[in-house]
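Heads up, the thing below is written out as structure tokens.
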2 protein chains.
Amino acid sequence: MNIGQAAKASGVSAKMIRYYESIGLVPAAARTEAGYRSYGEREVHTLRFIRRARDLGFSADQMTELVALWSDRGRASADVKAIALRHVAELDRKAQELREMSETLKHLAATCHGDGRPDCPIIESLAGEGVPDAAPRAPRGFDRIRTLR
Amino acid sequence: MNIGQAAKASGVSAKMIRYYESIGLVPAAARTEAGYRSYGEREVHTLRFIRRARDLGFSADQMTELVALWSDRGRASADVKAIALRHVAELDRKAQELREMSETLKHLAATCHGDGRPDCPIIESLAGEGVPDAAPRAPRGFDRIRTLR
DNA sequence: AATGGGGCTTCCCACCGTGGGAAGGTCAAG
DNA sequence: CTTGACCTTCCCACGGTGGGAAGCCCCATT
């Protein structure tokens with residue numbers, strides 16, 4: 001199976017398969033004489049595993065750990081659980097941050113009449129006129145969130 | 001005021017001030033004879049505006065729009081509100097995604113006894129053994145989330 | 001007046017995960 | 001044999017942010 005087939009079968013793009021190989025998340029694939037990467041069921045299975053972990057928001061580093069634990073028959077389930085729970089905490093923290101940002105903005109938007117007139121509490125709050133630092137989002141231990149695509 | 005002072009006064013790092021200038025989010029600062037960037041109250045005010053918007057998760061592009069609206073005395077508050085509400089929707093969507101990932105993982109972790117034994121529902125679910133695609137996170141219109149720091 | 005330290009400048013590099021695209025080789029079907 | 005679909009590697013970009021090097025500049029203390 002070539003990389004394109006493996007990509008379709010696993011749901012991981014060919015680009016990303018090569019990338020995962022380059023960072024050592026998956027072992028280097030076997031090659032045909034012509035230099036084409038060659039995949040079997042086993043490899044596709046691994047890629048699917050990775051795709052599912054990725055869809056759960058695990059980082060490449062965490063996925064490396066998970067794959068290692070997966071292929072270690074003698075692993076302790078506690079090890080897997082620990083990674084998962086750490087990730088859950090992280091996800092919750094980020095979701096909470098997003099919610100707080102959303103809440104603040106919703107409140108501001110609610111007091112903005114949103115018509116053709118120029119006065120707007122949203123802008124005023126951002127400008128801090130009279131309301132200096134009124135909305136201290138990202139308080140301490142802040143960790144801004146960035147998203148992609 | 002030099003860039004370091006402006007950074008302290010605004011809460012935006014000198015690095016980021018230069019970056020914002022380079023992408024046109026803020027106009028190029030005046031320079032001293034020696035080539036140092038020079039800032040006044042007005043510029044610092046703008047930078048603070050930007051910092052607040054950033055803390056609310058606005059992208060550089062959105063901040064550009066907001067700054068433009070801010071400096072447009074005749075803007076319609078509806079325009080600002082529209083940007084804010086679009087952003088709120090986006091924030092909510094992302095928070096929802098994170099929550100779903102967290103939920104899925106929490107359920108998996110709950111059924112993992114987390115001791116020294118190797119059998120682990122978390123790994124099994126990722127591997128898809130017997131439960132192919134059991135947890136279709138990021139269904140359609142998926143948009144994976146990435147975080148920083 | 002010289003020296004030292006801290007600030008400023010520009011420029012490049014890195015992160016992470018992903019896609020785009022160019023330049024060139026390969027394979028299978030017509 | 002040609003054509004088109006696929007594969008290869010390599011570089012570039014994104015968004016924001018920090019790190020750091022090399023080279024000025026400014027001020028205060030000797």
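Just so it is clear, none of the values below were taken in a lab; they were calculated from the coordinates. Model, not experiment: these values are computed from the prediction. Don't worry about glycine lacking a Cβ; one is built from the backbone with ideal geometry, like all the others, and counts go over all protein chains shown.
Some notes on this structure:
- Sorted by Cβ neighbour density within 10 Å, fewest at the top, the residues A:Y39, A:Y20: A:Y20, A:Y39
- 10 Å binning of all Cα-Cα separations within the stretch B:3-56, expressed as whole percents from 0 upward: 26, 62, 11, 1
- Minimum Cβ-to-axis distance in chain A for the rotation onto chain B, with residue, whole Å: A:A95, 2
- B:Y36/A:R93 FRET efficiency (R0 35 Å; Cβ-Cβ; nearest 0.05): 0.30
- Here's the picture: charge each Lys and Arg Cβ at +1 and each Asp and Glu Cβ at -1 in the protein assembly as shown, and of B:L91, A:A28, A:I17 the one pushed furthest to the positive end of that dipole is A:A28.
- Kirkwood hydrodynamic radius of the protein assembly as shown, Cα pairs, Å: 22.2
- Remark: the stretch B:28-134 projects, on average over all directions, an area of 13.0 nm² (convex hull of Cα atoms).
- The alpha-carbon of A:K106 sits under 25 angstrom from the alpha-carbons of these lysines, leaving out residues fewer than 8 places away in its chain: A:K94, B:K81, B:K94.
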